Amino acid sequence: MQTADSTAALGRQSFWTEGATTWLPPQSSTTAHEIDGLFYFILYSSIVLTILVAAAMVYFVWKYRRKSHADRPVDVHESKWLEMSWITIPTLLVLVVFFWGFRAYVGTAIPPSDAITINVKAQKWAWTFEYQNGIQGFGEIWVPVGTPIRLEMTSQDVLHSFYVPEFRIKHDVIPNRYAYVWFEAPREGTYQVLCTEYCGTAHSNMGAKIHVVDRGTYYAALRGEIGNDEPLPPAELGERLYTQRNCNTCHSVDGSSGVGPTWQNSWGQPRPGSASGVVDDAYVAESILYPQAYIVPGYENANMPSYDGQLNEEQVAGLAAYIRAVSGASLPSDLTLDADADSTQSTGAQPPEGGMGDPGVPVADPVAPGEREAVREDEPLRPGEQR
């Protein structure tokens with residue numbers, strides 16, 4: 001099952017949509033009005049105070065101007081009421097902003113108990129979303145309308161910041177720590193995710209999309225029926241992944257220089273010191289899954305993240321086929337589709353029928369009980385957690 005949204009590029013949306021104002025995009029979450037109310041209170045209070053101060057300055061310049069060379073200064077006695085006013089009024093304004101802001105913070109920081117949890121991983125330069133049943137969405141996710149969604153976020157490399165303007169949610173995503181935000185979208189639509197913490201050369205391209213859909217479409221996404229590519233020949237699959245997985249932010253296919261080495265004419269080039277010694281299938285797989293195992297001379301500062309657990313064998317093979325294609329070394333098998341190709345070419349295991357959020361349908365634990373502690377050894381600690 002494919003939709004237009006699932007095949008659309010992950011480019012940015014325009015914020016100048018219906019319901020937007022001069023200052024802010026439309027309110028598209030149940031907590032956005034709290035943030036907007038506080039924002040406009042601070043904005044208009046600042047405008048009024050600025051006008052009053054400027055008007056007082058102009059008035060005092062005019063009143064106490066020197067009228068002639070014979071003028072001499074006259075002592076001005078203070079006004080107790082005036083001094084009390086410019087102490088009391090700013091203090092009251094600060095207290096209003098504090099309590100209003102604290103209430104808005106608590107409302108956006110503590111999710112409802114029935115919220116659906118989605119894991120979010122940030123890395124240079126992409127967002128990966130994962131449902132609790134293991135199905136992943138790279139650069140986009142589908143969530144049900146009118147349902148609280150709790151995002152549990154962590155970074156795999158550097159500091160990022162998760163920001164959805166229409167939802168009025170923003171939170172730093174820090175390596176080896178977990179951060180949490182939640183939202184509830186009352187209307188269906190597609191909303192832009194941005195990274196608002198400078199995280200490297202392709203920071204401005206680190207976008208994603210949140211699709212707010214009906215329950216039926218959400219369950220279809222949980223079953224892997226939405227957002228997955230139809231079976232493609234390996235080279236075409238690799239070409240699609242090249243854009244979808246943001247490989248194009250570092251590696252060119254036209255020979256131009258970039259953060260990482262170009263893929264053009266790279267197939268078969270020597271890589272002395274690597275496991276295979278040349279650019280071949282084994283080298284491509286190693287570079288994608290374990291990029292720090294061998295670093296091409298001259299690109300020591302590229303710091304490519306690992307895609308281990310994010311790409312399956314078929315996807316890695318597709319990227320290798322695409323590298324052969326842009327190097328003019330394609331094999332016949334790279335350009336044809338295997339008749340036995342699985343219709344879920346770009347996904348991993350399928351979730352149980354119903355999926356997360358479907359009452360009464362449990363989701364199987366993908367890790368055997370005896371292996372959980374071993375798996376946790378490789379996971380970052382949550383705040384306040386000890387092993």
Whole-number value, in Å³ per residue, for the convex hull of the alpha carbons of segment 144-283 is 158 Å³
In order over segment 83-96: 3J(HN,Hα) from phi, Karplus 6.51/-1.76/1.60, θ = phi - 60°, whole Hz, x for each Gly or Pro, gives 5, 5, 5, 7, 9, 6, 4, x, 5, 4, 4, 5, 5, 4
Long-range amide H partners of Glu152, meaning residues 5 or more apart or on another chain whose placed amide H is closer than 5 Å, are Ile118, Asn119, Val120
With all protein chains in place and a 1.4 Å probe, Ser113 shows an accessible area in Å² (nearest 10) of 130 Å²
Ignoring ligands and nucleic acids, Phe41 exposes an accessible area, probe 1.4 Å, in Å² to the nearest 10, of 60 Å²
For segment 40-163, the per residue accessible area (1.4 Å probe, Å²) is 64 Å²
So the carbon and sulfur contribution to the accessible area of segment 61-115, 1.4 Å probe, in percent, is 69 percent
Straight-line reach check, Lys124, cutoff 28 Å on alpha carbons, 8 or more apart in-chain or any other chain, hits among lysines -> Lys170, Lys209
Here the net charge surrounding Ser274, from other residues whose Cβ is less than 13 Å away from its Cβ (Lys, Arg +1; Asp, Glu -1), is -2
Asn176 and Val106 label points (each 7 Å along its Cα→Cβ direction) are spaced in nm at 3.4 nm
Taking a straight Cα-to-Cα line shorter than 29 Å from Lys63, and setting aside same-chain lysines fewer than 8 residues away, one finds Lys80
Computed from the beta carbon distance with a Förster radius of 35 Å, FRET efficiency for Thr196 and Leu337 to the nearest 0.05 stands at 0.30
Once Ala70 and Trp23 are pulled to full extension, the length gained, defined as 0.36 nm per residue separation minus their Cα-Cα distance, is 11.7 nm
Computed from the beta carbon distance with a Förster radius of 30 Å, FRET efficiency for Ile89 and Tyr59 to the nearest 0.05 stands at 0.95
Ordering Leu93, Leu335 by the accessible surface of their heavy atoms, 1.4 Å probe, largest first, yields Leu335, Leu93
Karplus-derived 3J(HN,Hα) from phi for segment 202-214 (6.51 cos²θ - 1.76 cosθ + 1.60, θ = phi - 60°), whole Hz, x at Gly and Pro, runs 9, 3, 5, 8, 7, x, 7, 9, 10, 9, 9, 10, 6
For Asp308, Asp36, Asp75, the accessible-area ranking with a 1.4 Å probe, largest leading, is Asp75, Asp308, Asp36
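Might you report the magnitude of the Cβ-based charge dipole of segment 137-201 about its Cα centre, with Lys and Arg at +1 and Asp and Glu at -1, to the nearest 20 debye?
With Lys and Arg at +1 and Asp and Glu at -1, about 140 debye.
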Between the alpha carbon centres of segment 295-331 and segment 188-226 the gap in Å comes to 24 Å
Expected field for Lys121, accessible surface area in Å² at 1.4 Å probe radius, rounded to 10, holds 80 Å²
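The values are calculated or read from the model by the stated rules, or taken from the named source; none is laboratory data. This structure is a prediction, so every number in the text was calculated from the model and none was measured. Positions of Cβ are generated from backbone atoms using ideal geometry, with glycine treated the same way; all protein chains shown enter the neighbour counts. Protein only, heavy atoms only, side chains kept; ligands, DNA and RNA dropped before computing areas. Shrake-Rupley method; radii C 1.70, N 1.55, O 1.52, S 1.80 Å.
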